[in-house]
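Encoded as structure tokens, the structure appears first; notes follow it.
No lab work stands behind these numbers, since they all come straight from the coordinates. None of the values given here were measured: they were computed from a predicted structure. Here the Cβ positions follow ideal geometry from the backbone for every residue, glycine too, while neighbour counts run over all protein chains shown.
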Amino acid sequence: MRILSILLVLQFCAFAAQAQNQYWAQQYGAQSALLGGAVVAGSEDNSALYYNPALLSRIENGHLSVSANAYGFEFAKLKNGAGNGVDLTSFQTLIYPQIISGMINLKKAPKFKLAYGILTRFNNRMKLNLLTEQEIEITSAGNGLENYKTNFVYELSNIEQWGALSVGYVINEKFSVGISQFVSYLNNDSRLSIDRTVDVSADTSSFVAEQVFSSNSIINHVGLLYKIGFSFQSNGHKLGITATSTSIKIWGRANGSDAQKEYNMDRIARGEPVPFLANQTLIIESQNRKIDANYKLPWSFALGYEYQFTGGTRIMFASEVFLPLKRYTVFLDPEPVIIRPEQIYQGTTIDSVLYKTNELQLVVNAAVAVEQPINDKFSFLASFRTDFNSTDFDSERNVTASLNTTFWNSYHFTTGITWKRTNSKMALGLSYSLGESAVQNQPISFTGPINTQSLLGNTQKNFEPVVHGLSVIVGYTYYLPK
């Protein structure tokens, strides 16, 4: 059945419909980012509203902070991503604010501290473009080799912003607690097109067979999350514990369109059993601008520890567990799709091809960091953290259109300095990330042998993605008068 060709293309949608499934890609506050987020036990600035709101109560005076990845790039090479010897590459520049935040002291309630902020929770982009052309034998309908061309285009923009309102409370000199409320806004925009054409030359006549597939979707979602934190401090030792709730949907809307068009595929299949839907023209199109959408983040639990030596050196550790999420529907257009031309297929319909699902696995990330004072003004910081993905690309769930794609694990290395001034602090550093994964099945193949029903090659298990990223981290904190 030629519906097989539709399913083969949808398998790539698992790769194409990307959302963020690496939870520690972003860090907040220049100093905390240079420490790799290993500050669950001892964040010293407004970034505590994200890492552990209980620590807000330990900050003596109010802050106004701006931190950003001033400039950076990410280069992804997906070896054999489109067939044997056919690599996919993406190069993206990065510039966006990590966090803009402030804190307020309550003079009439000194045990309480209030903080507010806007942070970029996820920000990932990818562009893949590929043109191929080769002379290859595909069908017995022609004389000799056929000219086989493909045009592949994929673009993704996935941005999630969080607005935060937090409160911290000092119980006593050792214990404190806090809570943050986050309002999240997600915008996920993905566009994919795959065109395949075969130029067939025969004795009696020549023709061009073509298959065109396109899939576009825009998801907008507003949600609500909560984080509660606990802090303990005594004799240079610090301990922090947090729990972050799963996201609660406030509103979600998606619009999408999918199209599969085929021309002259009946002629290219000459000499083979004629499958159902094998006519000169086939058009399957679905479009809906008002689909209810849902997007979820899992529960997570973090633990942090810090110890400060007599000379001021600090060592830090943090780990966070992200619980799994069972497969759920992100959006689904329930309307069946009529196969056109109707006079040929006599009103035949198929289930909607306009949908996306999501499923997340258990993830445990960890970070270690050190801060070494150089003198009264300058300190050196360095860190390492893991950022494991929550998606198994080879699993059967990815045969359907999925919301996930970053199926590699990332490792981040950061280093930098902070500079204390009378009423402010500056931070400057570099962050390098390396993304790798085990060898996996190719998401799509444009190399032979080419199937005469899908005009795609057979995928093999030799797909190796490697991603490199480098960014400059800049931050400024102004201390308000007490």
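Data table
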item	result
Pairwise FRET efficiency - D189 versus D87, Cβ, R0 = 30 Å, nearest 0.05	0.75
Residue-span extension gain [Y478 to L428] - 0.36 nm each, minus C-alpha spacing	16.5 nm
Listed values (1) 104, 75, 43; (2) 62, 53, 48; (3) 90, 41, 30, entry calculated as Cα extents along the principal axes in Å	(3)
Additional length obtainable on full extension of the chain from N105 to T204, 0.36 nm per residue less Cα span	27.0 nm
Distance in nm between pseudo-label sites at E285 and Q134 (7 Å out along the Cβ direction from Cα)	3.2
FRET efficiency, Y116 to F75 (Cβ-Cβ, R0 45 Å, nearest 0.05)	0.80
Top positive-direction residue, dipole computed over region 3-479 with Cβ charges, set G102, Y411, Q343	G102
Cβ-placed point charges (K, R +1; D, E -1), dipole of the chain about Cα centre in debye, nearest 20	2480
Charge dipole (debye, nearest 20) of region 83-208; +1 at Cβ of Lys and Arg, -1 at Cβ of Asp and Glu	1740
Positive-end residue of A254, N220, S90, charge dipole of the chain with Cβ unit charges	N220
Cα→Cβ-extended label distance, 7 Å offset, between R125 and S157, nm	0.8
Angle between the chain longest axis and helix 3-16 axis [Cα atoms, degrees, rounded to 10]	20
Cβ-Cβ FRET estimate between Y411 and L323, R0 fixed at 25 Å, reported to 0.05	0.65
Estimated [θ] at 222 nm from DSSP helical runs (n ≥ 4, -39500 (n - 2.57)) normalised by residues in the chain, nearest 500	-1500 deg cm²/dmol
Potential lengthening between F232 and L362 on full extension [0.36 nm per residue; Cα-Cα distance subtracted]	44.0 nm
